[in-house]
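For reference, the structure is listed below as structure tokens.
The values are calculated or read from the model by the stated rules, or taken from the named source; none is laboratory data. All figures in this text were calculated on a predicted structure; none of them were measured in a lab. For neighbour counting, all protein chains shown are included, and Cβ atoms are generated from backbone atoms with ideal geometry for every residue, glycine included. Keep in mind that these areas ignore ligands, DNA and RNA; they rest on the heavy atoms of the full protein, side chains included. Shrake-Rupley method; radii C 1.70, N 1.55, O 1.52, S 1.80 Å.
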Amino acid sequence: MAVSISSRKFKPSKKAVTKERCSCGTFIFKILSRVPLAILLLIFVYLWSSSATIISGKIVHICVSSRKLNNLYCLSAGTQPNFEIPVPLINNSFTSTSTTSNDIDASPHTSRSTVKEYVKVGSVLEFIGDSKETVNVPSSSTNGHVKEVANVFREDSFPTVTGGTDKNRSEEIAIAKKVVREQLQLHRSWMSSTNHSSCDGRGIYVYDLPSKFNKDLIGQCGDMMPWTNFCKYFNNDALGEPIANLGKGWYRTHQYSLEPIFHSRILRHPCRVYNESEAKLFYVPYYGGLDILRWHFKNVSDDVKDTLALDLMKWLEYRKPWAQSSGMDHVFVLGKISWDFRRRNDTSWGTRFLELEQMQNPIKLLIERQPWEVNDIGIPHPTFFHPHSDDDIVAWQQKIIGTTRKSLVSFAGAARPDQPQSIRSILINHCTSTTSDKCQFLDCKSGGCNQPESVTKLFLESEFCFQPPGDSPTRKSVFDSLVSGCIPVIFDPFTAYYQYPWHLPEDHGKYSVFIDQEEVRQMKGNVVERLRSVSAREREDMRRFIVYELLPGLVYGDSSSRLEKFQDAFSITVNALLERVSRMQ
């Protein structure tokens, strides 16, 4: 039996509609007249942002979701590999660009969204403008202020930007890079040309934290990674086991050992003081990277991951120096990349340590900084070389200069088939399609990159070393190649140029070759062949600059090192920190 339904709809009379509208309007007016204007404004913002306003403590994130996406991203700085990083645009909106975390990390890809505005209230503000000056305002006096972030992370991800011209795109990238460079100029301004021999007014106080914040974490080394026993890397003050066949000062150092290495050195610093009132700089020896590492591969809640960091904040709140300066003269050294400490709300990767309100004032030293955080500063990854004396450095310099370079270029790494934007597969094809005297490839999938001897030998025998981004823009391999006198070929400025202001010079042409990774993607010639155009004289000049000017400042001496002629990476870092706090007085 067929059933028909009429398409005609009942239409109320105009009089009825008018009466209903008046009634509803009168009712709404009565309600709104009793609501304060501020609340009405918040309601409007809430509705306008399509349920994308998130308030966490004193931090307000206002976002606009894309109609094509399910998840929001409000510039709260994610930590998960393949997470999306907001990029500022000229029209005051944001787009997102992708990057990833460390080599051993893996995680599902996160969807894109467009960020409309970022507002931060009640924290330290860094106003970065044309003046290259930064104004730090204590949290107690910042109510009502707004921090507007204008930064870019990786320009190669801009193809996702739509609706703009090539000219606008270039302008957006230029503006974003300008902000990053201004931050680095500020950081470089803290470097002192004077090698202070006196500790007068330069006291360093090292907090004696409860052992759960450092030593106990090392005690859990056997359970940190499911595929290896991490404990062997903590021998010899976290330098690892000696490597006899590489010579004096060489150790099997793990890339995540920076925290205990730095701690061991600063405990022996000549300017260390034991009275808080005599100190200018306060070092907090929290092994935050190891804290993260022990949870990376376990199914635990976010609350568990954040527990130790929150306990540390509670402990510091009772310390007089912390309360006096709101942490502005305090420094933390973290042995993993910044993103691992900035967990987003929609992921489970990492901790929220660097997103905590209390952590906005201190200086954070990391192996990879977050580009739009002026208090994040990059310092070198630990390499395998840890000299004890000036003679150790001189002997290694002589070895580098006297080594015959058998290959034009080499690459120690692995492909990233799960990352469509990665240029690694292209570089591998360029390398393996030519002869070994032109290019040597060490496949990290085979485990060869875990052997310091193999990596060092490869770099010693090569004129150039490919250093493409991996699971994050920076690579420990950049420093391994420099320490071996191999000229790094950089494809992303955030791999080195926008990361290490105290240890790498602004003129990156003195120590590296830059080839834009977009050119590699577009197959504009074989990269190996392009490097042949660099003359022997240019190579020699770069290598001599690397060996004699850069190398000593890129390595961390052993815990009892006695360097007089040279400043190593540790000394350069501490001197810059002391210069900064002296200017704050």
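Could you tell me which of rounded, prolate or oblate describes the stretch 441-585, using a ≥ b ≥ c as the square roots of the eigenvalues of the alpha-carbon gyration tensor, with rounded for a/c under 1.5 and, failing that, prolate when a/b is larger than b/c and oblate otherwise? Show your work: numbers first, answer last.
On the way: a/c = 1.77, a/b = 1.54, b/c = 1.15.
Prolate, since a/c reaches 1.5 and a/b exceeds b/c.
In the context of the full protein assembly, Arg344 retains an accessible surface of approximately 10 Å², using a probe radius of 1.4 Å and ignoring ligands and nucleic acids.
Compute the Cα gyration tensor for the stretch 464-547, then decide on rounded, prolate or oblate, letting a ≥ b ≥ c be the square roots of its eigenvalues: rounded whenever a/c is under 1.5, prolate when a/b is larger than b/c in the other cases, and oblate in all that remain. Walk me through the numbers before you get to the answer.
Working: a/c = 1.76, a/b = 1.07, b/c = 1.65.
It comes out oblate by the Cα gyration axes.
Using the 1.4 Å probe convention, the accessible area of the stretch 328-461 works out to 31 Å² per residue with neighbouring protein chains retained.
Most tightly packed first, judged by the mean number of other beta-carbon atoms within 10 Å of their residues, the peptides 466-477, 349-360 read 466-477, 349-360.
Surface analysis of the stretch 463-555 yields an accessible area of 31 Å² per residue, using protein heavy atoms and a 1.4 Å probe.
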